[in-house]
Amino acid sequence: MKVNIKTIKDITVIEAEGNIDSRTAGDFEKATVDATQGEDKVIIDLSQVEFLSSAGLRSLLMLYRQVKARNGKIVLVGVSEEIQDVMENTGFINFFTLTELLEDGVKELS
Amino acid sequence: MNSKTFPGTVESIDLIRHYISEIAQSAGLDKKSSYNLKLAADEIATNIVLYGYEEPGLEGNIEVLDEQTEEALTVIFEDTSAPFDPLARELPDEEDLTKPLEERQIGGLGIFLTVKGVDDFSYERVGEKNRNIFKMLKGRVS
């Protein structure tokens, strides 16, 4: 599990790669929560994430709370069909904007 | 019935997931069913390792058994930690799952995803062993 953080315009872009499970979700959460302190435009690129367990959902929940507290918005990019199903079953999907491509995510937040 | 034993440590969770993928593939499950079985296996293996073995400071294994018939693939996890029925706890219901994320309880999603993702999930305690049983029907068009 790797996390890479960059900035596009005034948007914080977090690229995750690998599996987000009970072993890696802590690192993912720390990296994303740290990178989005005081930020209100956030993109999480999950196109290189193959597997996301309930531990990963909990990390997304914590991140959502932090960004939402500033009235910010989170766009998830490139979420696989299987992970989308999981987000739908758990009612998470309604609280995030999903786009297929990074450029659409940037447009969404511009 | 095939069987493979993994030590009940966090390092095994990745390996179990990988092993389950292989079993799902050999059973010919479609992509979605394979993912859902893998997810269910991950959630239950995580609970066994973290709460069954690590938290009370116990050592033990997870034995992964699998059996195929023409209609179904059954995967069974056996462990020797204290009796724990994942289904004993109340699962999040429709009301919980439509709540805004600000108001959500943090726990309970893992078992919910397990039950939701497989065609049948059951638990039994046999002698000194917990048995978590996952069943996937084959040839389902999704």
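Within segment B:104-120, take every residue that is crowded, with 22+ Cβ neighbours inside 10 Å and more than 16 Å from residue A:21 (Cβ to Cβ) and give me the one that is farthest from the other protein chains (Cβ to nearest Cβ).
B:118
Take the residues of segment A:85-100 that are β-branched (Val, Ile, Thr) and assigned to a helix (DSSP H, G or I): which is farthest from residue A:68 (Cα to Cα)? Spell out how you get there, then give the answer.
Keep residues of segment A:85-100 that are β-branched (Val, Ile, Thr), which gives A:86, A:90, A:93, A:97, A:99.
Subset that is assigned to a helix (DSSP H, G or I): A:86, A:93.
Numbers: A:86: 21, A:93: 15 Å.
Looking at the filtered set, the residue picked out is A:86.
Name every residue in segment A:101-110 that is in contact (Cβ under 8 Å) with a residue 40 or more places away in the chain and not in a helix (DSSP H, G or I), in order of residue number.
Answer for segment A:101-110, where residues must be in contact (Cβ under 8 Å) with a residue 40 or more places away in the chain and not in a helix (DSSP H, G or I): just A:110.
On the basis of being of a type outside the set (Asp, Glu) and out of contact with any Asp or Glu (no Cβ under 6 Å at 6 or more places or on another chain), does residue B:135 make the cut? Break it down stepwise before answering.
Numbers: of a type outside the set (Asp, Glu): yes; out of contact with any Asp or Glu (no Cβ under 6 Å at 6 or more places or on another chain): no.
Answer is no for this residue.
Can you tell me which residue within segment A:10-22, out of those that are of a type in the set (D, E, K, R) and crowded, with 19+ Cβ neighbours inside 10 Å, is nearest to the other protein chains (Cβ to nearest Cβ)? So that I can check it myself, show each step before the final result.
First, the residues of segment A:10-22 that are of a type in the set (D, E, K, R): A:10, A:15, A:17, A:21.
Next, only the ones that are crowded, with 19+ Cβ neighbours inside 10 Å stay: A:15, A:21.
Values: A:15: 21, A:21: 6 Å.
That would be A:21.
Just give me the residues in segment B:124-142 being over 15 Å from residue B:66 (Cα atoms) and touching a helix residue (DSSP H, G or I) at 6+ places or on another chain (Cβ under 9 Å), in sequence order.
Pass one, segment B:124-142, residues over 15 Å from residue B:66 (Cα atoms): B:124-130, B:139-142.
Result: B:130, B:140, B:142.
Considering only residues of segment A:69-100 that are in contact (Cβ under 8 Å) with a residue 12 or more places away in the chain and facing another protein chain (nearest Cβ under 8 Å), which is surrounded by the most Cβ atoms within 10 Å (Cβ to Cβ)?
In the first step, residues of segment A:69-100 are kept if they are in contact (Cβ under 8 Å) with a residue 12 or more places away in the chain; the result is A:70-80, A:83-84, A:86-87, A:90, A:92, A:95-100.
Now narrow it down to the ones that are facing another protein chain (nearest Cβ under 8 Å): A:86, A:90, A:92, A:95.
Values: A:86: 25, A:90: 20, A:92: 21, A:95: 16.
Going through the qualifying residues, I end up with A:86.
Looking only at segment A:15-74, how many residues end up being part of a strand (DSSP E or B) and among the small types (Gly, Ala, Ser)? Walk me through it before giving the result.
To start, the set of residues in segment A:15-74 that are part of a strand (DSSP E or B) comprises A:15-20, A:41-52, A:73-74.
Next cut, among the small types (Gly, Ala, Ser) only: A:16, A:18, A:47.
Residues that pass the stated criteria total 3.
Taking residue B:10 as meeting all but one of (1) under 21 Å from residue B:123 (Cα atoms); (2) β-branched (Val, Ile, Thr); (3) touching a helix residue (DSSP H, G or I) at 6+ places or on another chain (Cβ under 9 Å), write down the number of the exception.
The failed condition is (1).
Taking segment A:23-55, which residues are away from every other protein chain (no Cβ under 14 Å) and polar (S, T, N, Q)?
Scanning segment A:23-55 gives A:32, A:36, A:37, A:47, A:48.
Go through (1) more than 18 Å from residue A:17 (Cβ to Cβ); (2) part of a helix (DSSP H, G or I); (3) in contact with a helix residue (DSSP H, G or I) (Cβ under 6 Å, 6 or more places away or on another chain) and name the single condition residue A:82 misses.
Looking at each condition in turn, residue A:82 falls short on (1).
Within segment A:24-44, which residues are surrounded by 22 or more Cβ atoms within 10 Å (Cβ to Cβ) and charged (D, E, K, R)?
Across segment A:24-44, the qualifying residue is only A:41.
Name the single residue that is farthest from the chain's Cα centre (by Cα) among those in segment A:56-68 being closer than 22 Å to residue B:40 by Cα and within 7 Å of another protein chain (Cβ to nearest Cβ). Working first, answer last.
Step one: list which residues in segment A:56-68 are closer than 22 Å to residue B:40 by Cα, which gives A:56-61.
Applying the additional criterion that residues be within 7 Å of another protein chain (Cβ to nearest Cβ) yields A:57-58, A:61.
Values: A:57: 10, A:58: 11, A:61: 10 Å.
If we take residues in segment A:56-68 being closer than 22 Å to residue B:40 by Cα and within 7 Å of another protein chain (Cβ to nearest Cβ), then A:58 is farthest from the chain's Cα centre (by Cα).
Do we find that residue B:97 is more than 15 Å from the chain's Cα centre (by Cα), modelled with pLDDT under 95 and surrounded by fewer than 22 Cβ atoms within 10 Å (Cβ to Cβ) in this structure?
Values: more than 15 Å from the chain's Cα centre (by Cα): yes; modelled with pLDDT under 95: yes; surrounded by fewer than 22 Cβ atoms within 10 Å (Cβ to Cβ): yes.
Yes.
The values are calculated or read from the model by the stated rules, or taken from the named source; none is laboratory data. Since the model is a prediction, treat every value here as computed from it, not as a measurement. FYI the Cβ positions are ideal-geometry reconstructions off the backbone, even for glycines, and counts take in every protein chain you see.
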